[in-house]
Amino acid sequence: MASQLSRIMRPDDANVAGNVHGGTILKMIEEAGAIISTRHCNSQNGERCVAALARVERTDFLSPMCIGEVAHVSAEITYTSKHSVEVQVNVMSENILTGTKKLTNKATLWYVPLSLKNVDKVLEVPPVVYSRQEQEEEGRKRYEAQKLERMETKWRNGDIVQPVLNPEPNTVSYSQSSLIHLVGPSDCTLHGFVHGGVTMKLMDEVAGIVAARHCKTNIVTASVDAINFHDKIRKGCVITISGRMTFTSNKSMEIEVLVDADPVVDNSQKHYRAASAFFTYVSLSQEGKSLPVPQLVPETEDEKKRFEEGKGRYLQMKAKRQGHTESQP
């Protein structure tokens, strides 16, 4: 089973330099994933359901997309467990004047089917038919790995971003940013909880503000580490999306983004962590060339600890990229 979406990129999809926001692309990726996984989960007789986004694996932005280009988003189901669906998504950009096409993104998303009668009830997923025997075993390994990583992120759920008065330039406090958003009907599925793509777009927007404040140049999304959706966000909630710089290399910035939900119309539920992720941005000149990034100055012990953790992620990914390059024929 596969599906495809196409849409031309317009000025309100891009920044002032004409580069399409990473959040816009993430939103399209999630829409394609939600459609194909919901179709699959309703492909057999049984209780009707809607697929809700649970996790997005690391996503690299391989090439920038510009205003006027057409984004082609294709999605395919590659694995199913008892209660989840893995969807692989590719994004191609097309210059409709020249016909040139290029791959801009590859992403892996995980969805769970929620009953239409009770969105807190997770249903079973119809099994997918694999074209070769090894696919199921490979998919099972990916499923177990992401399940373990999701559990490891829960320790961060109590961490919050605190405002600081008169911060010094290049510090964490100087660039940290927050956005407060009231969840309305246009943000939600027909069943009253927020589209994962809407949340990701807001997360990318906040991360972009942090990056721009830090380096004061044109910035673009380079990659997003795994985005974990810890809990659903319902219509009527007030969400706070907070971003803070955690690490800088010579030419990249890592920004942690936390999404907290406050169900103001429901006194029975308390404030909770809804999603979290790390975004990586790069700084570009007017000609689109990579620029050096001002080095982050961590001040507190927690900031220094987060810096070292970010450095570890950076070095690990750098080694992985180098290993992949060396393995190419």
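State to the nearest 20 debye the size of the charge dipole of region 133-225 about its Cα centre, where the only charges are +1 on K and R beta carbons and -1 on D and E beta carbons.
300 debye
Near Ala222: Cβ cut-off under 12 Å, other residues only, Lys/Arg at +1 and Asp/Glu at -1. The net charge is -1.
Please give the contour-minus-distance gain from Tyr314 to Glu124: 0.36 nm per residue of separation, less the Cα-Cα distance, rounded to one decimal in nm.
Values: separation 190, 0.36 × 190 = 68.40 nm, distance 3.72 nm.
Contour length minus Cα-Cα distance gives 64.7 nm.
For the chain, hydrophobic long helices are taken as DSSP H runs at least 27 Å long by C-alpha position along their axis with mean Kyte-Doolittle hydropathy of -0.5 or more; these are 22-41, 196-215. Per residue, the solvent-accessible area of region 165-265 (1.4 Å probe, heavy atoms of protein chains only, all protein chains present) comes to 37 Å².
If you count only protein heavy atoms with a 1.4 Å probe, what accessible area per residue comes out for region 1-135, rounded to a whole Å²? Before the final figure, lay out the partial values.
Details: 6460 Å² over 135 residues.
Value for region 1-135: 48 Å² per residue.
Basic side chains Lys and Arg get +1 at the Cβ, acidic Asp and Glu get -1 at the Cβ, and with that the dipole of the chain about its Cα centre reaches some 260 debye.
Stretching the chain fully between Lys289 and Asn267 yields a gain of 2.8 nm (0.36 nm per residue, less the alpha carbon separation). Place +1 on the Cβ of every Lys and Arg and -1 on the Cβ of every Asp and Glu in region 181-329, take the dipole about the Cα centre, and give the residue among Thr240, Ser285, Leu190 whose Cα lies farthest towards its positive end. Comparing the listed Cα positions along the dipole, Ser285 ranks first. At what distance in angstrom do the alpha carbon centres of region 41-95 and region 245-279 lie from each other? Taking the Cα centre of region 245-279 as reference, the centre of region 41-95 is 22 Å away. In this simple spin-label approximation, Lys216 and Leu165 carry label points 7 Å from Cα along the Cα→Cβ vector, and these lie 2.4 nm apart. The charge dipole of region 1-120, taken about the Cα centre with unit charges on the Cβ atoms of Lys, Arg (+1) and Asp, Glu (-1), comes to about 140 debye, rounded to the nearest 20.
The Cα center of region 7-21 and the Cα center of region 22-39 differ in position by 18 Å. Under the combined filter of DSSP loop state and at most 11 neighbouring Cβ atoms within 10 Å, region 65-168 retains these trypsin sites (Lys or Arg not before Pro): Lys82, Lys117, Arg132.
When only DSSP loop residues count, what GluC sites (Glu not before Pro) in region 161-259 have their Cβ near at most 12 other Cβ atoms within 10 Å? Each step should come with its number before you reach the end.
Working: sites: Glu205, Glu254, Glu256; in loops: none.
The qualifying sites: there are none.
Carbon-plus-sulfur accessible fraction, region 219-283 (probe radius 1.4 Å, protein heavy atoms only): 48%.
The values are calculated or read from the model by the stated rules, or taken from the named source; none is laboratory data. Model, not experiment: these values are computed from the prediction. All Cβ positions, glycine included, derive from the backbone under ideal geometry; neighbour counts span all protein chains shown. Quick note on the areas: whole protein, heavy atoms, side chains included, nothing else; ligands and nucleic acids left out. Shrake-Rupley method; radii C 1.70, N 1.55, O 1.52, S 1.80 Å.
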